[in-house]
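Everything below concerns the one structure shown next.
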Amino acid sequence: MGRNSRKQLERSRKKQLRKQANIKKGFIFEEGDMNKMSLPMPTLWLFLNEKKVEKLLRTFADSLPKSKSNHSHNNIKFVKMAMFLALGGISSPNHFSDIVVDQMRDFYGVKISKSAFYNWFDRMEEHLSQFEKAVEKSAELYIASLKSDQKGLVVDIDATYRKSDADWATMDYKGDISFRIMMMHVGKEERGAKAIFRAKVDPGNISPRTDIYPMTQHVISQHDIALFRSDSAAYNHKLLDLLTTHDIPFLVGAPHDESVLGTLGCIKEKAYIRYHNNNGIVTGEDVATIGHAMNKTKHGFSLVNKRKPRQRKIDKELEQTGQEALFGTGKEYNHYTIAVAPSLAKEYDAENLRQRYELRGGQEYIIGTFKQLYRPKARETHAKTALWTQILAIAYNLGLYFLEHYSDKKKPQVRKLPTIFASSPRS
């Protein structure tokens, strides 16, 4: 084949690839079977070479220790391959090798053997903190792309449990052998999905409270917080004092312990008002606010109680907790209580506060989406599971940035489109 013919063939293949990546119309996110790749591989390659994304990945790669071997690849190649695996919906390096021909791996810049990738992954176990920092930076990249006048971030924190037969997994509160991922999400209220700021992996029997305080302390040191939300795992005097001291508004689920039940019993009937949910629907529930103080806490706060009528019957569990004695006369109710920062209680009524707390229901949806997309599983060691979880969290944040930055069909800014060495990848 002559020189001109080779050039013509190369131009033809390049045109074909650019057409497949749909560059002229912008990026496309393909939903569907998660066993298949979420992003077309040419498009994914272009995205990983987008200026801001490439800068983030290279800064991350440069922070990692280099191999002492002269034959080893640079860290950036391993980092990009890890993102390729996670963002592309590729289950493992083995799967990657099966569906991508050698020449195309040359083009993508990730021509790495399976053994080389696993060796790199093993070496990174001791450098988990660098991966955690990369998660935060990827979250910040996405948040910066959101157009919002709101000052400060909304922080939501919750845990998810994954069943596993790994040796290091333990029995959780449900009686299942599992490991736990404590996830802290940050974002702008009612503006875009929330990014993963921190993801801490522990055996299933470790209390969520173990991670919540240091994670909260860290995010406070990094960002202005407009609102902190959590379930009752965050209900303890040390954390609520930390939030109050930094003047951070909070909405935290409150357990029905003896102290809380005693305070709820002091709410007068006329204090309750009819509750409308975030969709403006009357649910048949009532809400009311009352002041409260926790043992050992330095600051008082308020309780917002939502009650829902239930069928009148003797409930042995409620009898044991004392709720029957407090709420058993007349109508009987199920009670849902949250702790509210003093600053919020002064500014908003009980209905609005409860509505804002219930927006954290989106946290469960986000966690569910994360599990569906990436299916985090326990690896042979705790350290490797934690490391892979950070890689998945980075990929998740970059996916959010992709959708936010290119959903309006903007043309991607790519540093350089490499020469194509082979035809399009196999489907």
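Before moving on, here are some points about what is shown:
- Residues that are of a type in the set (S, T, N, Q) and surrounded by 13 or more Cβ atoms within 10 Å (Cβ to Cβ) within the stretch 267-295 comprise ASN277, THR289, listed in sequence order.
- Within the stretch 199-216, the set of residues being assigned to a helix (DSSP H, G or I), in contact with a helix residue (DSSP H, G or I) (Cβ under 7 Å, 6 or more places away or on another chain) and surrounded by 15 or more Cβ atoms within 10 Å (Cβ to Cβ) comprises ARG209, ILE212, THR216.
- Given (1) in a helix (DSSP H, G or I); (2) at pLDDT below 85, index of the condition PHE29 fails: (1)
- Selection over the stretch 235-282 of residues that are part of a loop (DSSP other than H, G, I, E, B) and of a type in the set (A, V, I, L, M, F, W, C) gives a count of 5.
- Residue in the stretch 223-232 that is at pLDDT 90 or above and assigned to a helix (DSSP H, G or I) present: yes
- So HIS95, is it modelled with pLDDT of 90 or more, in contact with a helix residue (DSSP H, G or I) (Cβ under 9 Å, 6 or more places away or on another chain), farther than 29 Å from GLU189 by Cα and not hydrophobic (A, V, I, L, M, F, W, C): no
- In the set (1) touching a His at 6+ places or on another chain (Cβ under 6 Å); (2) at pLDDT 90 or above, VAL252 fails one condition alone, (1).
- Considering (1) surrounded by 15 or more Cβ atoms within 10 Å (Cβ to Cβ); (2) modelled with pLDDT of 65 or more; (3) in a helix (DSSP H, G or I), the lone condition that SER67 does not fulfil carries the number (3).
- Breaking point among (1) among the hydrophobic types (A, V, I, L, M, F, W, C); (2) over 17 Å from PHE228 (Cβ atoms); (3) in contact with a Phe, Trp or Tyr (Cβ under 9 Å, 6 or more places away or on another chain), for ILE157: (2)
- Of the candidates ARG209, ARG229, ARG162, ARG198, the single residue that is within 21 Å of PHE301 (Cβ to Cβ) and under 17 Å from the mean Cα position of the chain (by Cα) is ARG229.
The values are calculated or read from the model by the stated rules, or taken from the named source; none is laboratory data. The model shown is predicted, which means the values in this text are computed figures rather than measured ones. Every residue, glycine among them, receives a Cβ derived from its backbone with ideal geometry; neighbour counts consider all protein chains shown.
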